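> Supplied in structure tokens, the structure appears directly below.
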There are 2 protein chains.
Amino acid sequence: MTAGTAPATAGGQEDTRTRLLATALRLFTEHGVEATSLQMIADALGVTKAAVYYHFKTKDEIAGAVAEPGLRELEVVLEEASRLRRRGARVDHLLSGFVDVVVRHRALIALFARDPGVTRALANSWSEVLSIRMMELFAGPEEDESRVIAAHAAIVGIALTGGAPQFAEMDDDTLRGHLLEVGRRLLGRPRRSA
Amino acid sequence: MTAGTAPATAGGQEDTRTRLLATALRLFTEHGVEATSLQMIADALGVTKAAVYYHFKTKDEIAGAVAEPGLRELEVVLEEASRLRRRGARVDHLLSGFVDVVVRHRALIALFARDPGVTRALANSWSEVLSIRMMELFAGPEEDESRVIAAHAAIVGIALTGGAPQFAEMDDDTLRGHLLEVGRRLLGRPRRSA
């Protein structure tokens, strides 16, 4: 194998897909999702549009794939939390895991929030299912109305405040601490717990 | 003047504008903002497209005019709040006034939230200025980071939870009580105050 040429194996395709997503994310960040075309992504990668089509049929599919790692992390946190026995421990684990995911992916949240077409493309899908499961775990099985409202406010408040452009310069640890406090207040959790 | 014919006076034009906005709101609610055209609004009103153009040049302008009453009410609440001397009283007045506006206009928030193009059209404008003034009044002059974060979470949490489709059937008073509680917890205000 000559150095510098990618082999036409599954590994090579995987590599193209990874480079494609990294390039798409860079272009999305520079121009916004709406103003980025499949052709622009192909040009930046130095491949044909057909090569992009091989991996993704639409820009929404690319946006979904860019969001996938964050949603997968959130799913892991949800599964860990739901295995805990005490309700308080479940809420605390989900809250801190959710805040971690939001802080880690806040540039992506900011990006998607300013390009609402993407948010719509992601809705009614995986992210929708995850947010329903989060609501259930935060609010508990009693279907207490005030808890359901507080859980909803906590989820949107944490996600959209974490992704807000005006806090983009705040360092991760500081932001994480403040968002945890938002969640604790809304969900009625004490500051120190397991 | 014959009954049933509108006179071509300022009063008549004002009446057409009012009917136009009511019709636009009805069509927006039925079809979504994106799927509603100026032509559809003209047809539903039984006027020409030129007659619609006389009042509004774009659909975004119509959406802005539909949002205007709610924004105006919020501005009044902000002005009342900023005239109060004690910080606690200012926060409490703005919180309860904001919750009232959200509950009163929650169908509109739900409508705009599912048609994100509208949200974008309204951003960087009046609603943006009002939300900055709300943040300042909620967070206080000390620029305390945790207060600024809590204020941001309170504003988006209350607005998007109040406008969330899953709570559309909840009666106004119940929703108002729960949203006030969300704000009180985040802003650290006691349940009973002036």
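> Taking B:A42 as the residue in question, decide whether it is assigned to a helix (DSSP H, G or I) and touching a Lys or Arg at 6+ places or on another chain (Cβ under 7 Å).
Answer is yes for this residue.
> While we're here: Taking the conditions exactly as written (within 20 Å of A:A113 (Cα to Cα) and under 18 Å from the mean Cα position of the chain (by Cα)), does A:L25 satisfy them or not?
Criteria met by A:L25.
> Please go through region A:168-182 and pick out each residue that is within 9 Å of another protein chain (Cβ to nearest Cβ) and either in a loop (DSSP other than H, G, I, E, B) or in contact (Cβ under 8 Å) with a residue 40 or more places away in the chain (or both).
Listed by number, the residues that qualify are A:M170, A:L175, A:L179.
> Could you check, for region A:149-162, whether at least one of its residues is farther than 24 Å from A:G70 by Cα, in a helix (DSSP H, G or I) and modelled with pLDDT of 95 or more?
Yes, region A:149-162 has at least one match.
> Consider region B:107-137. How many of its residues are modelled with pLDDT of 80 or more and aliphatic (A, V, I, L, M)?
Result for region B:107-137: 11.
> Filter region B:15-39 down to the residues that are in a helix (DSSP H, G or I), in contact with a Leu (Cβ under 7 Å, 6 or more places away or on another chain) and buried (at least 16 other Cβ atoms within 10 Å of the Cβ) and list them by number. I'd like the intermediate steps shown before the answer.
First, pick out the residues of region B:15-39 that are in a helix (DSSP H, G or I): B:15-31, B:38-39.
Those left that are additionally in contact with a Leu (Cβ under 7 Å, 6 or more places away or on another chain): B:19-20, B:23, B:28-29.
Across region B:15-39, the qualifying residues are B:L20, B:T23, B:F28.
> Has region A:59-66 got any residue that is in contact with a helix residue (DSSP H, G or I) (Cβ under 7 Å, 6 or more places away or on another chain), among the small types (G, A, S), in a helix (DSSP H, G or I) and surrounded by 18 or more Cβ atoms within 10 Å (Cβ to Cβ)?
Scanning region A:59-66, I find at least one residue that is in contact with a helix residue (DSSP H, G or I) (Cβ under 7 Å, 6 or more places away or on another chain), among the small types (G, A, S), in a helix (DSSP H, G or I) and surrounded by 18 or more Cβ atoms within 10 Å (Cβ to Cβ), so the answer is yes.
> Could you tell me whether A:R86 is at pLDDT 90 or above, touching a Leu at 6+ places or on another chain (Cβ under 7 Å) and farther than 29 Å from A:T16 by Cα?
Taking the combined requirement at face value, the residue does not satisfy it.
> Within region A:133-149, which residues are farther than 12 Å from B:V182 by Cα, of a type outside the set (A, V, I, L, M) and within 9 Å of another protein chain (Cβ to nearest Cβ)?
Listed by number, the list holds a single entry, A:E145.
> When you go through B:A150, B:A164, B:A139 one by one, which is the residue that is among the hydrophobic types (A, V, I, L, M, F, W, C) and either in contact with a Leu (Cβ under 6 Å, 6 or more places away or on another chain) or outside the structural domain of B:V91 (by TED's automatic domain parsing) (or both)? Walk me through it before giving the result.
Working: B:A164 fails: either in contact with a Leu (Cβ under 6 Å, 6 or more places away or on another chain) or outside the structural domain of B:V91 (by TED's automatic domain parsing) (or both); B:A139 fails: either in contact with a Leu (Cβ under 6 Å, 6 or more places away or on another chain) or outside the structural domain of B:V91 (by TED's automatic domain parsing) (or both).
Of B:A150, B:A164, B:A139, the one residue that is among the hydrophobic types (A, V, I, L, M, F, W, C) and either in contact with a Leu (Cβ under 6 Å, 6 or more places away or on another chain) or outside the structural domain of B:V91 (by TED's automatic domain parsing) (or both) is B:A150.
> Just for region A:163-178: of the residues that are within 15 Å of B:S146 (Cβ to Cβ) and surrounded by fewer than 18 Cβ atoms within 10 Å (Cβ to Cβ), which one is modelled with the lowest pLDDT?
That would be A:Q166.
> Could I ask something else about it? Taking region A:183-194 as the search range and keeping residues that are part of a loop (DSSP other than H, G, I, E, B) and within 22 Å of B:L160 (Cβ to Cβ), which one is farthest from the other protein chains (Cβ to nearest Cβ)? Spell out how you get there, then give the answer.
Here is the first cut: in region A:183-194, the residues part of a loop (DSSP other than H, G, I, E, B) are A:188-194.
Among the residues that remain, those that are also within 22 Å of B:L160 (Cβ to Cβ) are: A:188-189.
On the way: A:G188: 8, A:R189: 11 Å.
Among them, the one singled out is A:R189.
> Identify, from the list B:V47, B:V77, B:V101, the residue that is surrounded by fewer than 18 Cβ atoms within 10 Å (Cβ to Cβ) and of a type in the set (V, I, T). Outline the logic, then answer.
Details: B:V77 fails: surrounded by fewer than 18 Cβ atoms within 10 Å (Cβ to Cβ); B:V101 fails: surrounded by fewer than 18 Cβ atoms within 10 Å (Cβ to Cβ).
The unique qualifying residue is B:V47.
> Consider A:A42 carefully, then state whether it is surrounded by 13 or more Cβ atoms within 10 Å (Cβ to Cβ), of a type outside the set (V, I, T) and within 19 Å of A:L130 (Cβ to Cβ).
no
The values are calculated or read from the model by the stated rules, or taken from the named source; none is laboratory data. Small disclaimer: the values here were computed from a predicted structure and weren't measured. Neighbour counts run over all protein chains shown; Cβ positions are idealised from the backbone, glycine included.
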